[in-house]
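The values are calculated or read from the model by the stated rules, or taken from the named source; none is laboratory data. Not measured: the values here are computed from a predicted model. With ideal geometry, Cβ positions are generated from the backbone for all residues, glycine too; neighbour counts draw on all protein chains shown. Only protein heavy atoms, including side chains, enter the accessible area calculation; ligands, DNA and RNA are left aside. Shrake-Rupley method; radii C 1.70, N 1.55, O 1.52, S 1.80 Å.
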Amino acid sequence: MRQSGAEQGDDLPTLLVTGAGSAAAENLMRSLRRGDPSLALLGCSEDRFALQHSTADARYLVPRPGSRAFIRVLRGLIETRHVDVHVNALSEARNDLADKLFLPARRIISLCRDKYRLTVALRRRGIRAPETYPIIALGRIEGLFSRLHDRRPLWCRPRVGSCARGGAAVSSPSQARAWIRIWNEMRGLPVRSFTLSEYLPGREILCQSVWDRGRLVLTNTFERLSYFGVDNIPSGVTSLSSLAKTVREPAVVDLCRDAIRAVAPKASGVFSIDVKEDARGRPHITEINAGRFFMAMTAFDQVLEHSMALTYVRLALAQKVELDEHYDGVDDYYMVRDLDTEPAIFHADRLFDGIAEPGATWRRTRPSGKGATRWATNPTMAKLTK
């Protein structure tokens with residue numbers, strides 16, 4: 001895989017990865033090491049157990065993110081270990097970490113965290129996003145169903161949160177009230193923190209992008225095919241992918257580019273955008289994660305032309321990155337992930353390699369050119385293995 005921007009072999013400074021030991025941090029470090037094995041990666045976390053599990057070159061126990069002690073310790077690490085560097089904590093302390101952050105502006109992070117405010121801002125600017133209303137009181141839910149033209153189901157979710165926490169499709173006002181009461185009584189989420197919006201039944205597309213002072217530098221797209229751990233989630237929906245694949249969706253890229261330019265004209269840093277299609281196949285922006293990569297999507301760096309993670313690092317270090325094409329999109333590479341396993345990436349052409357079906361009639365096929373022997377049970381599978 002070709003490195004982005006600077007010439008291969010350029011020296012890169014030591015990097016500090018927060019949340020070391022978590023899936024997101026370890027995925028990011030794997031991607032960076034594939035892009036440049038010479039990188040020195042330090043890891044820090046407030047969780048001693050997670051930290052012990054990290055693959056970082058050196059590991060540091062730090063105070064809880066968001067506390068003043070966290071920033072003080074972080075500054076010490078930056079100074080003593082010559083580091084060039086939880087998004088909200090770092091963003092709030094950007095004045096204490098001068099020239100060490102490559103994050104979107106504080107107001108942009110705040111806007112994107114509030115899904116209702118973001119949706120309103122996008123729709124006002126003509127960007128396609130689901131029609132959404134805030135829930136003021138449980139007794140007003142019937143009125144919101146009417147305002148949404150009595151569509152069934154509707155999507156009910158909190159304004160703030162990750163991993164689709166508290167989100168579910170609801171088919172009636174009574175169901176919506178019951179769902180909100182559960183989260184209010186058992187998890188302490190206020191009634192006013194929820195929204196109701198039109199439900200989008202189509203495909204779920206993820207778009208990662210890296211920006212530099214208003215310029216889109218690199219973007220890629222994926223389709224989420226199934227969710228991680230849904231057996232233990234009442235709604236059956238989460239933002240964690242157990243199966244995803246690369247797709248080329250220029251219309252989605254155009255929509256996401258327009259959305260970022262609308263809310264952050266001078267955008268810098270990472271923006272990861274959730275897109276959902278309506279019944280007519282039209283994409284809508286449902287969420288923008290400002291300053292964050294999607295948790296597992298950096299695993300695809302190994303099969304794309306450019307490493308998204310390494311491109312981000314080079315831009316953060318003010319290195320010049322000029323790519324011939326900002327959309328790095330390919331079709332049909334799949335990612336499979338599960339608990340306690342590293343995400344695996346393989347192409348659709350290899351779906352049947354080395355897999356047998358007991359009791360089936362198998363015949364051996366030899367693909368043209370170099371490659372492993374493949375097997376097929378029927379004409380459809382034989383066609384797929386060619």
For this session: Mind jotting down the distance between the C-alpha centroids of region 114-145 and region 300-322, whole Å?
Result: 35 Å
For this session: Give the ranking of 288, 345 by solvent-accessible surface, highest area first, calculated with a 1.4 Å probe.
Result: 345, 288
For this session: Return the long-range amide H neighbours of residue 347 (sequence gap of 5 or more, or a different chain), with a cut-off of under 5 Å between placed amide H atoms.
Result: 334
Seminar exercise, completed: Reduced to Cα centres, the span from region 146-201 to region 216-285 in Å works out to 21 Å
Exercise. What FRET efficiency do you get for residue 282 and residue 80 if R0 is 56 Å and r is their Cβ-Cβ distance, rounded to the nearest 0.05?
Worked result: 0.60
Problem set entry | Peptide ranges 195-201, 321-327 listed from the most packed, as the mean C-beta count within 10 angstrom indicates | 195-201, 321-327
